[in-house]
Amino acid sequence: MPELPEVETIKRDLRELVVGSKVQDAEVLNPALVEEPSAEEFARRLKDSRISGARRRAKHLVIDLDSGDALVLQLKIGGQLLLVPPVEEPTTALMLVLRLDGGRRLFLRDETGFTRARLLDEDGLEARFEDLGPEPLGGGFHAGYLREELGGRRARIKGLLLDQKVVSGVGNIYVDEALFDARVHPTRKANTLTEGEWTRLQSAIEENLAAGIEHRGTTFSLYRDVLGRKGHHQEHLKVFVRAGKPCPGGCGGKVVREKMGGRATFLCPACQPEDGPGEESQLELA
Ligand SMILES: [Zn+2]
């Protein structure tokens, strides 16, 4: 599922390639796409509007229209937004087609069918996003915030970091990578983390998301940018989907895959000890 770096990449592509275009017509090809308003009203309100901007909030893509509406997309695991041309016209799994001026079209397709869309005004947008936690790359996200929000909680740290009310935009790939970089075991109870671990975790989250953006996202199978290109952050992953491979932390051990709360979790048991760092290694890492 596209996480912050993938949605950010699509947002930047839209700003470069699509913002300023007029929507001459909108056709909903899979009515299950549209959460609100009705599919008919959705298409009617998109028609003849001009795309005035593109934003991202958490894993949501927000396409602003000069009518005051915003098209909000939740691209689920197979969600692709493709600009035709230059991309060849897709013919399967189509959900929405926006016919733009200049003979171009923006296709939304999803082989899994889980992608959802809403058309919201500014108040609707605010209500929709009011529970989301801070953007990890947008200020307001620092080690003190994480410690204050989570330091008293007894739940497992990985699950808490995936909660969009705590940090927005982080999902399974980038959380495993950040926990590895911070040398924190995913099942550690949040209230056992040390000051140094909160600091490392916060910077590891920022660094991994920034690297994901720099590499234009992670593609295992379905993720594509607006021009149909794969991301290449998968070439830079340290533990995620690397079970059995040597740990890049230099410990001599191997990456393992565990199941945690129904999710595949990748970690190095030597670098990320389950019972936390001993006092000596804490001094070493400080
Ligand atoms: Zn290791």
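The values are calculated or read from the model by the stated rules, or taken from the named source; none is laboratory data. No experiment lies behind these values; they were computed from the predicted model shown. Reconstructed Cβ throughout: ideal geometry from the backbone, glycine too, with neighbour counts over all protein chains shown.
Inside region 54-100, can you point out the residues that are under 19 Å from the mean Cα position of the chain (by Cα) and assigned to a loop (DSSP other than H, G, I, E, B)?
Listed by number, the residues that qualify are A58, K59, L75, K76, I77, G78.
Would you say G138 is at pLDDT below 95 and within 16 Å of the chain's Cα centre (by Cα)?
yes
Examine region 180-196 for a residue that is outside any strand (DSSP E or B), within 14 Å of the ligand (Cβ to nearest atom) and basic (K, R), and state whether such a residue exists.
yes
Only one of C251, C247 is over 17 Å from A178 (Cβ atoms) and either at pLDDT 95 or above or loosely packed, with under 13 Cβ neighbours inside 10 Å (or both); which?
C251
Pairs please, first residue from region 263-278 and within 15 Å of K158 (Cα to Cα), second anywhere and among the polar types (S, T, N, Q) and within 13 Å of the ligand (Cβ to nearest atom), Cβ atoms under 9 Å, 6+ apart in sequence or on different chains.
P273/S281
Please enumerate the residues belonging to region 94-108 that are in contact (Cβ under 8 Å) with a residue 24 or more places away in the chain and either more than 18 Å from E36 (Cα to Cα) or of a type in the set (G, A, S) (or both).
Correct list: L94, R99, L100, D101, G102, R104, L106, F107.
Determine whether region 101-110 contains at least one residue that is closer than 29 Å to D163 by Cα and either of a type outside the set (K, R) or outside any strand (DSSP E or B) (or both).
yes
Restricting attention to region 43-72, and to residues there that are of a type in the set (S, T, Y) and farther than 30 Å from V167 by Cα, which single residue is surrounded by the fewest Cβ atoms within 10 Å (Cβ to Cβ)?
Per the stated criteria, the residue is S67.
For region 257-269, give me each residue that is near the ligand (Cβ under 10 Å from one of its atoms) and buried (at least 16 other Cβ atoms within 10 Å of the Cβ).
Scanning region 257-269 gives L267, C268.
So, in region 216-233, how many residues would count as being crowded, with 17+ Cβ neighbours inside 10 Å and either of a type in the set (A, V, I, L, M, F, W, C) or touching a Phe, Trp or Tyr at 6+ places or on another chain (Cβ under 7 Å) (or both)?
Residues meeting the conditions: 4.
Count, please, the residues in region 4-29 that happen to be in a strand (DSSP E or B) and under 14 Å from the mean Cα position of the chain (by Cα).
Summing the residues that are in a strand (DSSP E or B) and under 14 Å from the mean Cα position of the chain (by Cα) in region 4-29 gives 0.
Within region 178-213, which residues are more than 14 Å from the chain's Cα centre (by Cα) and of a type in the set (D, E)?
D181, E195, E197, E207
Please go through (1) within 16 Å of the ligand (Cβ to nearest atom); (2) more than 19 Å from V170 (Cβ to Cβ); (3) not in a strand (DSSP E or B) for V239 and return the number of the only condition it doesn't satisfy.
V239 satisfies all of (1) within 16 Å of the ligand (Cβ to nearest atom); (2) more than 19 Å from V170 (Cβ to Cβ); (3) not in a strand (DSSP E or B) except (2).
Determine, yes or no, whether L132 is in contact with a Leu (Cβ under 9 Å, 6 or more places away or on another chain) and either modelled with pLDDT of 95 or more or of a type in the set (V, I, T) (or both).
no
Any residue that is hydroxyl-bearing (S, T, Y), closer than 28 Å to H60 by Cα and in contact with a Pro (Cβ under 9 Å, 6 or more places away or on another chain) - is there at least one of those in region 198-211?
No: zero hits.
Just one of (1) touching a helix residue (DSSP H, G or I) at 6+ places or on another chain (Cβ under 6 Å); (2) away from the ligand (no atom under 14 Å from the Cβ); (3) at pLDDT 95 or above trips up E214, so point out which.
(1)
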